[in-house]
Structures are given as structure tokens and as C-alpha cells.
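J.: Below are the C-alpha cells for one structure; questions will follow.
What follows is calculated from the coordinates using simple rules that are stated; it is not laboratory data. Predicted model, so just to flag it, every value in this text is computed and none were measured. Counting neighbours? That spans all protein chains shown, and the Cβs are built from the backbone with ideal geometry, glycine included.
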Amino acid sequence: MAALNLYKKKRNFGNTPEPDAVRAEASAKKNPIFVVQRHDASRLHYDFRLEVDGVLKSWAVPKGPSLNPADKRLAMMVEDHPISYATFSGEIPEGNYGAGTVEVWDHGTFFTLGEESPATQIEKGSLKVSLDGKKLHGEFALVRIKNKDKSGDPWLLIKHNDQYADPDALTAADQDVNRPHVPKAKKKPSSTPSNSVTGTERNNKDPFPANIKPMLAQPSDHVPRQGNWLYEIKWDGVRALCSVRDGEVEYESRNGLALTRQFPELANLPTHLRATEALLDGEIVMLDDDGRSDFQALQPRIMSRMLHEKKPEKDWSKDRSASLVLFDLLYVNGEDLRNQPLTLRKQRLEALLKPDATFRFSTHIEGDGESLLSVAREKKLEGIIAKAAASHYESRRSGNWLKIKIVQEQDCVICGYIGGKREAFGALILGIYNGGDVTYAGNVGTGFTEREGARLRKLMDPLLVKRAPFASAPKLPSANPVHWLKPKLACRVKYSEWTSDGRLRAPVYLGLRDDVKPTDCVREKFASEGEPHIPAAKKDTTYSTIKKKTKPELPEPPSTNIMALVTHPEKIYFPADKITKGDVARYYYDVANVILPHLKERPLSLKRYPGGINTKPFFQKHVKAGIPPSMAARGEDGEEYIVSNTREDLVYLANLGCIDENPWMSRIGSLESPDYILLDLDPFECAFSKVVEAAVAIRKILEKCELRAFPKTTGGDGLHIFIPLNGTY
């Protein structure tokens, strides 16, 4: 607290809206922040502040920072400021120290150059940092100059000549040429001063935003490698814009649907905010005991609203309570924040919210999205969101927000249903919009209970039509009756991949989407498939493009860490050829790119040969102690199965003595719906010609069923008949 004594001594916090003197604990998980504030006081200047040891070390720069290495800006070191000052903008009333207007000119993070700490470098009078902000990037030096008259602590702020140096860039002073300093009229301090952190009342109010559409994330197949990003967990629920006014709250979905009555347990949000007016963005979720969001748990409420229109069937909160996870702040107490950087909006939101088990703040990390993605994968979450730290709030789908999914999901329109053994229907016929037309996307026959199916039929039957809604009606692989619908119902499915002919492979029904317009159900396009997105927060020439993958990467040599998974690599697995366990592990490492697509998301029946190929093997079907969590996947039957999705997984299995891999014909999420059939023909007291004769006879039978089949040799004298399906039977 001693570091802030001078800051506190100079201010009367009853008369100024500036934050009080509170020292913050340094965080080991993120880079420290910097801020440059334009301070229009008795003399216009720019305050340059760096987070060091829980406070903001501060310099007043009369002409502002410059990107020109030839400019040596005078920077007078002033008193330390609290970390909360980084988000302060507003009017310091006349008669107070520093009276005038303060606004954030730039904001971001930095790291110190060299091995010495920033505090040590400051003490020695020479500090070197690298900035990553909206306007300022790259390396800067602060150098103390000789102070002859003892009137202050003068330094020089100098830009290093790196890739971000720009002799022609407009400096802060240049940008103010058409914005002259105007002396402020004297006025009495307000009895309710503005506070930019919690957002208490302002004298000049911005209008409360109306008819706002939420900002949507663009899909991406990788964590961004450049720019300054914040990384959050991707919540799997219903998106909600939350309007708080006069002690009341209204929740609205992304397509303008009123959600307030469906979630009565969320009505007391105003009591959890340090504000009288606010517009917030978040996700309504159902959380399980491990804190994972469960979209399917929301289905009873969604189905109830659709069946009973605006009047809820009952108070569903008595069965299971929903939670609200908040991740953005658009407006607070007369101040529109949509043009403020995301970093500041989230800081304001966190200071505004009084969280509990129902109302939660969506925390984030900076700089290491791959680690968060790994945690999300281990915890079996849906994925993560990457958000450009300096991005403004845009009411559209933007490349400044990216969603990186672990579980692939797609919104589809329900275009019909097929009869089957179940009373309601056997499978739903799915479609997506493409240029105004609806195209066939496959069928889904798993993921719903009998009760859900019956309620879904009540919604579908009024939509029955005689003709298919597709521009080109598909030929469905089913002998059961087909019923076509108007494409008015949207649903969400998860799937393994898209086939080459535009079908969803192994889809699983997750639930209805009443918050999505059917026409918005289009095939999602990854950010890497279009123009590369270069965040506005950083001018980076390191990567000129984001390369699209056109072929599998070549295998890399096994690293020491990978092969460290193998114990006793010298152990002989094939005595006749003297092939060791290490040889088998290296082989699987080398062929990983070829074999993994055939194993992806398929449970494995492990056939283990702990003593080598000539010893008696045993089978292992379920997860047991010692299996890494990343290799465990829970099926819809509740059982945990072993999967192999990475090169490391293959090496781990080889170490267990798995000389051959035995994948299921179905995948996690659709265990009861295999995507191929395999007929195994082996000669038994007969010649191989009899096996061929049997295979030809089978082909004729399958052709009558309009099924294509492919023979494959197996073992020394047998055949497998491979029959592809579409994962809906």
C-alpha cells in the first residue's frame, strides 16, 4: 500500500471519480497490462502506465508515444496508480488534482525484455518492454535522463527499430491536430461522481441500445497463432442478451425470442449488479455436477415453450435450476461500451457483477489457447472461444471471435421423418439452407427418448406436406414410409464429419433450437477456408496468410517425450524377426496420419499381447486405471470406452502390448448406429474358391437391397465383405 501513498495523498475520493488506492496481487497466469490515457487537463498530455508489482508505474508524456524511432519523447515519471486506473475514463471535476477529461487512448499487454525484472530495470534507469496493444506494438525503451534542477524525474520514451517501427505513422499529438485543447468551465463536483469500473450514473447519457443482435463467432479449425487473444470456455446453452432497467430484467434470444418466463430463477439478476441500467451478453446453461454445460438438459423447457407457446407448461426451475454465464458488457448506466476494447468491457463486467452459483462471470486466459483447448478436451467440453482482445462489439458473425470445437455440431432444419420401430418415428430427415434452397444433409435416428419423440411429433404433424422441401429430392435408403415437412423446425446435431457428397456422418440429435431461425441453418465455414483474419489489435507481418491444409502433414521423427511413453522398448514382440516393442511403437508413430482417420472416435477393443505375438493375448473393452483421461470417451449407454485419436495414443497402446488395433464399426455418440457392416468369410474344411463363391452370392443379395459392397483380403485365406452405411440404422 505504501507505493500508492502519494496517489492517495493527492486525491479526495469523495470529490473525484478516480478509483481508490488498492494494490493488486500480481498474476502468474497472464501478461501484465499497459494503458495509455489521453489526459486533457491544464495541459494536454498522455499518461503511459505499465503494470509492475501490483501497481501502474506511470509517466506523463506531453506529446504522446511515437512509432518513429527518431522521436525521443520526454516522459516525466509520476506517482504510482492502482491497477483499476487502467479502465478509468471520465471527468475529474475542477478543483481536484489533474482536473480534466481522461479517456483510454490505447490498451493491451506487454512483456519485459531482458532477464532482469521490470522493477530492477526501473531502479537502474533503463527499462525495455514489448507492447501488444491496439495502436502500439513492438519494442520500446524508457531511459532516465539526468535531472539537473530536481524538479521531477524525467525519462525518454523511444521506439525501437523493429518490424512495427513506422516513421510515417501519425503520433498521438498528430491525431489531436483537429481536436484542440479547450479549457473546461468550472463546475461544482457532482454528488454522484462517475465511476468507470462499476458504471454509476453519468450526466450525459448514451441512449439504451435497442434491437441489438448478438456478436457471433466464426468457426475455426485451429487456435489462432498471431495477435492478442482472450480464450474462454465455449458454453453449450441458449445465448441471451440481458437488459436490466428499473430493477427488472428481460432476456432475449439471438433471434429476438423472449426467454424471461422460461427461466424464472434468473429474475433477480439486477440484485447481482452494481448498476441500475445494463445490457449484458451471456449464455443460459444447465450445469452438471462437474460444471459442464448440458444443452440437452434445456430441452424440456424449449419443448414446453414451443408446445404451449408463450405460457410455460410449469415452473421448470423447481426440477432443475439454470445458470447464467456472462461474458460481455455492452452498456452500463448511460455509457455505451460497444466501441470499447473487449479487454476493458470484460474488466468492467467483472467489477460490476456480484457472482454466485447462478450468476457467473466467464473467466478467460491470455496467450495460451492451446492449453485451454487441451483442458477442454480432457474435461469433455464442447470447445473454446478465441476473442481478439482489442475487438469492438459487432452485431454480426465476426472473425474477431473464433470458435474452436472439440465436438462438431451443426444446426439443421427438420424436413421430414421416416417411420420405424419406435412409435413416434424412426429417424428425422435433415436439411441445411444453401443460397435460398434447402439441401439434404442426411438422417438422424439416435439421441432422443420415446417421450421426446412423442412431443416432437406433436410439433411436426401440423407441418406435414406432400412434397419434399428440397430443391432436389434425395433417394432415401429406407423401405419405411417417409413423411415430408415444411422446414420450420431447427435442431442441433453433433456429428463426426461431412461426407464428400454433403451428408452428415454419424449424426446424433441434441435438441430443438427455438432461438435459431431455420434459414440460419447453413453449413458452417471455417475461418481458414476463407480470407485469413488478421486481428485489428496487432499489425503482424510474421504470417501473411493462414495456410489451408491440402494434404496430411508428413510424420515427424519421434520426440524424446513421445518415446518416453514406452517402457522397456528393447522387449521382443516378434521373436522370429527380432522386432521390439520400441519398433512397433515407432511404426505406429510413423503411420499415424494414415491410420488415425479410421480410428477417430471409434471405441477400441484392445487385444493385448504383453509377452509378444507368440503368447496368449487378452481383450480389454472398458477404461481401467492407468488409461489417460484423454483416451476415455463416454458413450450414450453411460459406459466409458477407450479411443485413439492422436499419435501419442497409438504409442501408448503399443506400450500396452496392442500389436493390432480393433475398432468398432460405430462411433462414440452413435454406438447403436454403425456406419458399416463387416461380413467375415473364413474357409472351414474347404478351399479358398468356396470363400470366393460365397462372396459372389452375398454380392447378388446386397445388390437387390441396393447396397454396395467391397471385398477385402484378411489373414492368410479369408475375405471381409465391407458394406458402408450412413450411420442411421
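J.: Between Asp221 and Tyr97, what is the label-point separation in nm under the 7 Å Cα-to-beta-carbon projection?
T.: 5.8 nm
J.: What do you get for trypsin sites (Lys or Arg not before Pro) in the range 638-729 restricted to DSSP loop and a cutoff of at most 16 other Cβ within 10 Å of the site's Cβ?
T.: Listed in order of number, the matching sites are Arg708.
J.: Additional query: Among the aspartates and glutamates, select those whose C-alpha is under 16 Å from the C-alpha of Lys712, and discard any that sit fewer than 8 residues away in the same chain.
T.: Asp680, Asp682, Glu693
J.: Kindly list the residues of the range 253-277 that lie in the label zone of Asp520, defined by a backbone N under 12 Å from the point 7 Å along the Cα-to-C-beta vector.
T.: 253-258
J.: Still on this structure, please answer the following. Would you mind computing, in nm to one decimal, how far apart the modelled labels at Cys686 and Asp153 are, each placed 7 Å from Cα along Cα→Cβ?
T.: 9.4 nm
J.: For the pair Ala119 and Asn12, what calculated FRET efficiency results from E = 1/(1 + (r/R0)^6), where r is the Cβ-Cβ distance and R0 = 35 Å, to the nearest 0.05?
T.: 0.75
J.: Extending each Cα 7 Å along its Cβ direction at Asp368 and Trp498, get the distance between those two points in nm, one decimal.
T.: Inter-label distance under the simple model: 3.5 nm.
J.: Additional query: Based on the alpha-carbon gyration tensor of the range 638-727 and its eigenvalue square roots a ≥ b ≥ c, which shape applies: rounded if a/c is under 1.5, prolate if not and a/b is larger than b/c, or oblate? Mind dumping the intermediate values first?
T.: On the way: a/c = 3.17, a/b = 1.50, b/c = 2.11.
Oblate.
J.: Let me ask something else about it. Give the shape of the range 577-729 as rounded, prolate or oblate, defined through the alpha-carbon gyration tensor: a ≥ b ≥ c are the square roots of its eigenvalues, a/c under 1.5 means rounded, and otherwise the shape is prolate if a/b is larger than b/c and oblate if not.
T.: Oblate is the answer for the range 577-729, as a/c is 1.5 or above yet b/c matches or exceeds a/b.
J.: Would you work out if the range 1-139 is rounded, prolate or oblate? Take a ≥ b ≥ c from the square roots of the eigenvalues of the alpha-carbon gyration tensor; rounded if a/c is under 1.5, else prolate when a/b is larger than b/c, oblate otherwise.
T.: oblate
J.: So which of Lys9/Lys134; Lys379/Lys405; Lys403/Lys486; Lys213/Lys379 end up more than 24 Å apart by C-alpha?
T.: Correct reply: Lys9/Lys134; Lys403/Lys486; Lys213/Lys379.
J.: A follow-up question, please. For Gly718, list long-range residues whose amide hydrogen, built 1.01 Å from N in the peptide plane, is under 5 Å from its own amide hydrogen.
T.: none
J.: Between Asn161 and Phe208, what length in nm is gained on full extension when 0.36 nm per residue of separation is reduced by their alpha carbon distance?
T.: Working: separation 47, 0.36 × 47 = 16.92 nm, distance 4.50 nm.
Extra length available between Asn161 and Phe208 comes to 12.4 nm.
J.: Sketch the reach of a paramagnetic label on Asp290 as a point 7 Å from Cα along Cα-to-Cβ, and name the residues of the range 353-381 whose backbone nitrogen lies under 16 Å away.
T.: 373-381
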